[in-house]
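Before any comments, here is the structure.
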Amino acid sequence: MKLLPSLALLLSAGLLAGLGACGKEPDSPTASNEATLSGPDAKPGLVASDGKLVLPVVAGRPGAVYFTVRNDGAEPVTLAGVHVDGAAKAQMHQTNGGSMSAIESLPIDPGASVVFAPGGLHVMAFDLSPKVQAGGTAELTLTFSDGDKLSMPLQVEKMGAGTDMGDMEGMQH
């Protein structure tokens, strides 16, 4: 009858392991773990660099994001969306002839670099969180038309801290 206590011990261990699994995170995406499971995964050849978020002088106004994105791949890609952590909304914009307008997408040919800079292409970051502070960092995620994503850090700066806002001052949306 020594077998019976061993069997009881084995069943108890199995029951405890089963109860411990009740508190385990699910393997399917949920609100709490979806970001981990669907994190940005850029296709080879896409590179983003020199990212910075320039805070507005007046609180409540949008910030501006500048960076360079390069397509070293063999196929053209289309930048279809942008997201800035700490901003309620982000949009790609183009300044032309003194006026600024939103752009929906931006094709990038193989071997081409596109520079987002003052007075030209840029990203407007609306309704910035008070947690986004000069000297800190934020994250920019670029979404391409095929669903690929590429993320990069942004250095957060005050306007005028080494940034020439050029043609953007006084622009109307």
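The values are calculated or read from the model by the stated rules, or taken from the named source; none is laboratory data. Remember, predicted model here, so these are calculated numbers, not experimental data. Here Cβ is always computed from backbone atoms with ideal geometry, including for glycine, and neighbour counts include all displayed protein chains.
The set of residues in region 116-159 that are more than 26 Å from Thr78 (Cβ to Cβ) and not in a loop (DSSP other than H, G, I, E, B) comprises Asp127, Leu128, Thr137, Gln155, Val156, Glu157, Lys158. Scanning region 136-162 for residues that are at pLDDT below 95, surrounded by fewer than 16 Cβ atoms within 10 Å (Cβ to Cβ) and over 23 Å from Pro44 (Cα atoms) returns Lys158, Gly160, Ala161, Gly162. Condition check for Asn71 on (1) crowded, with 16+ Cβ neighbours inside 10 Å; (2) farther than 13 Å from Val47 by Cα: one failure, at (2). Of the residues making up region 71-91, those that are assigned to a loop (DSSP other than H, G, I, E, B) and touching a Gly at 6+ places or on another chain (Cβ under 8 Å) are Asp72, Gly73, Ala74. Met100 meets each of the listed conditions (1) in a strand (DSSP E or B); (2) modelled with pLDDT of 95 or more apart from (2).
Each residue in region 111-141 was checked for being touching a Gly at 6+ places or on another chain (Cβ under 8 Å) and free of Cβ contacts under 8 Å to residues at least 40 places away in the same chain, and 0 pass.
Just to be sure, is Pro62 modelled with pLDDT of 95 or more and touching a Phe, Trp or Tyr at 6+ places or on another chain (Cβ under 7 Å)?
Numbers: modelled with pLDDT of 95 or more: yes; touching a Phe, Trp or Tyr at 6+ places or on another chain (Cβ under 7 Å): yes.
Against the criterion (modelled with pLDDT of 95 or more and touching a Phe, Trp or Tyr at 6+ places or on another chain (Cβ under 7 Å)), Pro62 qualifies.
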